[in-house]
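Presented below is the structure to which this report refers.
The values are calculated or read from the model by the stated rules, or taken from the named source; none is laboratory data. In this text the structure is predicted, and so the values were computed from the model without any measurement. Quick reminder, even Gly has a Cβ in these numbers, built from the backbone with ideal geometry, and neighbours come from all protein chains shown.
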Amino acid sequence: MLSIGGKTAGRLCDGISRRDLLRVGALGMGGLNLPGLLHAESQSGIRGSHKAVIMIYMAGAPPHQDLWDPKPEAPSEYRGDLGAINTNINGVRIGELLPRMASIMDKCIAVRSVIGAPSGAHDSFMCYTGRTGSTFNNKGQPPGGWPSIGSTLSRLMGPANGQIPAFVGLAPKAGHPPYGASGKSGFLGIEHNPFKPSGQGMKDMVLHGITPARLNEREGLLHSFDRMRRDMDSNGKMEGLDGFTRQAFDLLTSSKLADAFKLDNEHPRVRERYGKGDAKNVGDGAPRNNEHFLLARRLVEAGARCVTLNYGRWDFHSDNAGGMRSHAPMFDQGLSALIEDLHERGMADDVTVCAWGEFGRTPKINDKGGRDHWPKVSCALLAGGGMQTGQVIGATDSTAAEATERPVHMGEIMATLYHNMGLNPNTTTLPDLNGRPHYLVDGHRPMPEVI
């Protein structure tokens, strides 16, 4: 394929629907591949706001008992080897491996009674959509599938800055594909898929000696082929290409997105606060890359509406305590740094942070010292978004097996995220591929305790 400079620069491995490379060009007589999967058009009256969501998917489902809902009084076979510590909220305790988060719990909301996981199957689908009545293989979904929150925000709001993608997914590919998923566009179409700057993509965000004039010539040529193909298109697949094609050229002629990824521009003390973590994938899961927390903050500050990042592999069927000790301290550093940074920069009222996994873990430790899948209840951590923080919502029984107070459906959390963005999840609709309107969530309302 052709790059802007006319040299072969690589090969796209999985087509236009899940593009990881930002590359303008790829023009040939047999087809037209365009970069980025970006959308620059706003379709709501709140385009000028800087509201955003940072979604942290804890791949593999973390043990709720060792994070936000410890049970220090439970028998040892349920409690495990990890204890609890006090937080800066009187009477609230969290897992002992989260001391930094304990010091800022007044800026957070711990939800201890999350319900709604459709099964014990590993997937990120429910975390990115809040829809749990259908499965991630599109069974029971409308044609095209449910869109993720990032794609929905791209469609309804667009970016706060036209030179920044509305939806960015930081996760690299993973051995188990859902662990590397950033959220799909579903029936909203390819232009609302996330921009994924993994691998070679970041190197293709500069012109490499190509002048703006020469770039404009290639843009004109692309438009010529675009018009020709649209004239020949009989099934509407060319619709939507103009938006992200235009933004792809905008990105190449602007330094704003590339600048957002230049962590060297941050003060060394800020980078030290976040830490590096570990950029290598954990088995078939995601990396424990703490720099992704900092990148997420820089991206929403630059104008992204939604940034998703996938963290670790929390599927500890054996040696749960060891798995937690390898994950939680890094996670504690990165998440606490993000929340503090948002407050210090005056962004906390506009940016909502949500960290959660697809389900919880079994109350009782198994014979390998691990915890197995437990879809009956799980947990979530919320911060920012102008919410009423410094509280714990919901409770489980003495072994963290069942929600006993204020069960919170995953759809309620998703509805809260939309509310924080200035969207009414119960009145706003989007049409599917058949033109049928759908609400942003299925019958769930924002959590009244926090808004």
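Observations
- Hits in the range 135-171 - residues which are in a loop (DSSP other than H, G, I, E, B), closer than 24 Å to LEU257 by Cβ and touching a Lys or Arg at 6+ places or on another chain (Cβ under 8 Å): PRO147, SER148, MET157, GLY158, PRO159, ALA160, ASN161, GLN163, ILE164, ALA166, LEU170, ALA171
- Residues that are part of a strand (DSSP E or B) and either among the hydrophobic types (A, V, I, L, M, F, W, C) or surrounded by fewer than 16 Cβ atoms within 10 Å (Cβ to Cβ) (or both) within the range 259-297 comprise ASP278, ALA279, LYS280, listed in sequence order.
- Test: residue in the range 429-447 that is surrounded by 22 or more Cβ atoms within 10 Å (Cβ to Cβ) and out of contact with any strand residue (DSSP E or B) (no Cβ under 9 Å at 6 or more places or on another chain): yes
- Residue tally, condition surrounded by fewer than 24 Cβ atoms within 10 Å (Cβ to Cβ) and either among the basic types (Lys, Arg) or closer than 22 Å to GLU266 by Cβ (or both), over the range 310-330: 3
- Qualifying residue in the range 368-376 (condition: modelled with pLDDT of 95 or more, of a type in the set (Lys, Arg) and over 22 Å from MET126 (Cα atoms)): yes
- Here SER134, SER151, SER76 are screened, and the one residue that is buried (at least 22 other Cβ atoms within 10 Å of the Cβ), of a type in the set (Gly, Ala, Ser) and free of Cβ contacts under 8 Å to residues at least 60 places away in the same chain is SER151.
- Residue list for the range 132-157, restricted to those being of a type in the set (Gly, Ala, Ser), modelled with pLDDT of 90 or more and more than 16 Å from the chain's Cα centre (by Cα): GLY144, GLY145
- Flag for GLY394 being in contact with a Pro (Cβ under 7 Å, 6 or more places away or on another chain), at pLDDT 95 or above and on the phi > 0 side of the Ramachandran plot: yes
- Residues of the range 392-441 satisfying the condition of being assigned to a strand (DSSP E or B), within 20 Å of VAL53 (Cα to Cα) and without any contact (Cβ under 8 Å) to a residue 40 or more places away in the chain: THR429, TYR439
- Candidate set from the range 399-425 (those that are among the small types (Gly, Ala, Ser) and within 24 Å of the chain's Cα centre (by Cα)); member that is nearest to LEU67 (Cα to Cα): GLY411
- Meets criteria (at pLDDT 95 or above and in contact with a Leu (Cβ under 8 Å, 6 or more places away or on another chain)) for PRO329: yes
- Of the residues screened, GLY95 is one that is surrounded by 20 or more Cβ atoms within 10 Å (Cβ to Cβ), under 24 Å from TRP68 (Cα atoms) and at pLDDT 95 or above.
- Among the residues of the range 303-347, those that are touching a Lys or Arg at 6+ places or on another chain (Cβ under 6 Å), of a type in the set (Gly, Ala, Ser) and in a helix (DSSP H, G or I) comprise SER336, ALA337.
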